[in-house]
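The values are calculated or read from the model by the stated rules, or taken from the named source; none is laboratory data. All figures in this text were calculated on a predicted structure; none of them were measured in a lab. All Cβ positions, glycine included, derive from the backbone under ideal geometry; neighbour counts span all protein chains shown. The accessibility values were calculated without ligands, DNA or RNA, using every heavy atom of the protein model including side chains. Shrake-Rupley method; radii C 1.70, N 1.55, O 1.52, S 1.80 Å.
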Amino acid sequence: MNQSMMKYVSSKLVKTKVLLQDPALIPYIPHTAGLTHSRLLLMLNRYKMVYIKPVCGSLGIGVIRVEQNGALYQYRDGTRTYTFRTFRQMYVSIQRRIGSTPYLVQKGIVMLQHRHRPFDFRVMVQRNEKGIWECTGVAARLAHPKKAVTNGSQGGTIYAAEEILSKVADITKAEKLVKEMKTIGLNTAKQFGASYPNMNELGLDIAVDRNLRLWILEVNTRPDPCPFTKLSDATMIETIVKYAKSYGRVYELKCNKAQKSVPTSNV
């Protein structure tokens, strides 16, 4: 299909190349490359923790966290962790697990945590009824207690963005970070819109590291709006659904796996 006609892009490597065309976005992009034996070893030596992901995967399926821990190597797939004495042993095991599926390797971001569980953010950007890009939602996703991924489809818990950020930063800083996420979302949409004029919506996965620096983990061109159904305030999901209808997309909002946060005074 002609690129100008495309609404969806499945390859994470292609999407990374699109992001890298905007100098303003480059500081937010973690080192990402196609998975090979030598590349995984090199990046693991450099970063000590990386993620490997299917090049065309979604919903957090197949994402594996790989670590070099002293003299040992280990990876976490789903709820299980596997440990090896040598890199070669680990790589053979990983290869057996992923088979012929193309994978990429990405610098691991040590995310902020709540209750000893990492969390990141889904930023939704859509064309409004006038065809202008607009940030329609930001929600936080807290990982399932036994998993390395935060996706709601993998049992993550959804929080309002400022609510969870205010547990690790003051409210002014929390609001500033959310504003920066929205700016990243709009800049990303403009970049993708220039390359793919028929594109109408994006869902960015953004992490915040311990230095409160933002990172774009992934850009989804057919985003699942389920996280926004779990927020107490329905304003975001109502806007998301309304704009989607204006460009012809109707969502199936069956969001059974994601959990809704339960506010308490001392969480």
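Okay, residues lined up against (1) at pLDDT 95 or above; (2) part of a loop (DSSP other than H, G, I, E, B):
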| position | (1), (2) |
| --- | --- |
| MET199 | yes, yes |
| ILE206 | yes, no |
| ILE216 | yes, no |
| ASP224 | no, yes |
| GLU238 | yes, no |
| TYR243 | yes, no |
| LYS254 | no, yes |
| VAL262 | no, yes |
| SER265 | no, yes |
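Just to check your reading of the model, which residue among VAL14, VAL18, VAL9 is more than 11 Å from GLN106 (Cα to Cα), in contact (Cβ under 8 Å) with a residue 40 or more places away in the chain, part of a helix (DSSP H, G or I) and among the aliphatic types (A, V, I, L, M)?
Answer to the check: VAL18.
Given the criterion open to solvent by less than 10 Å² (accessible area, probe 1.4 Å) and either of a type in the set (Phe, Trp, Tyr) or in contact (Cβ under 8 Å) with a residue 60 or more places away in the chain (or both), identify the matching residue among ALA207, ALA160.
ALA207
Look through the stretch 51-72, keep the residues that are over 17 Å from GLY34 (Cα atoms) and not polar (S, T, N, Q), and return whichever of them is modelled with the lowest pLDDT.
Ranking the qualifying residues of the stretch 51-72, first place goes to LEU59.
Can you pull out the residues in the stretch 73-125 that are at pLDDT 95 or above, basic (Lys, Arg), part of a strand (DSSP E or B) and open to solvent by 30 Å² or more (accessible area, probe 1.4 Å)?
Of everything in the stretch 73-125, just one residue is at pLDDT 95 or above, basic (Lys, Arg), part of a strand (DSSP E or B) and open to solvent by 30 Å² or more (accessible area, probe 1.4 Å), namely LYS107.
Only one of (1) without any contact (Cβ under 8 Å) to a residue 12 or more places away in the chain; (2) not in a strand (DSSP E or B) fails for ASN45. Which number is that?
(1)
For the stretch 188-197, which positions are open to solvent by less than 50 Å² (accessible area, probe 1.4 Å) and either out of contact with any helix residue (DSSP H, G or I) (no Cβ under 7 Å at 6 or more places or on another chain) or outside any helix (DSSP H, G or I) (or both)?
ALA189, GLY193, TYR196, listed by residue number.
Restricting attention to the stretch 8-24, and to residues there that are touching a helix residue (DSSP H, G or I) at 6+ places or on another chain (Cβ under 8 Å) and surrounded by fewer than 17 Cβ atoms within 10 Å (Cβ to Cβ), which single residue is nearest to ILE52 (Cα to Cα)?
LEU20
Would you check if VAL168 is part of a loop (DSSP other than H, G, I, E, B) and without any contact (Cβ under 8 Å) to a residue 12 or more places away in the chain?
Considered against the rule, which asks whether it is part of a loop (DSSP other than H, G, I, E, B) and without any contact (Cβ under 8 Å) to a residue 12 or more places away in the chain, VAL168 comes out as no.
Would you be able to say whether some residue in the stretch 220-241 is of a type in the set (A, V, I, L, M, F, W, C) and within 23 Å of GLN21 (Cα to Cα)? Before the answer, list the steps.
Taking the stretch 220-241 and keeping what is of a type in the set (A, V, I, L, M, F, W, C), we get 226, 228, 231, 234, 236-237, 240-241.
Keeping just the survivors that are within 23 Å of GLN21 (Cα to Cα) gives none.
Within the stretch 220-241, none of the residues are of a type in the set (A, V, I, L, M, F, W, C) and within 23 Å of GLN21 (Cα to Cα).
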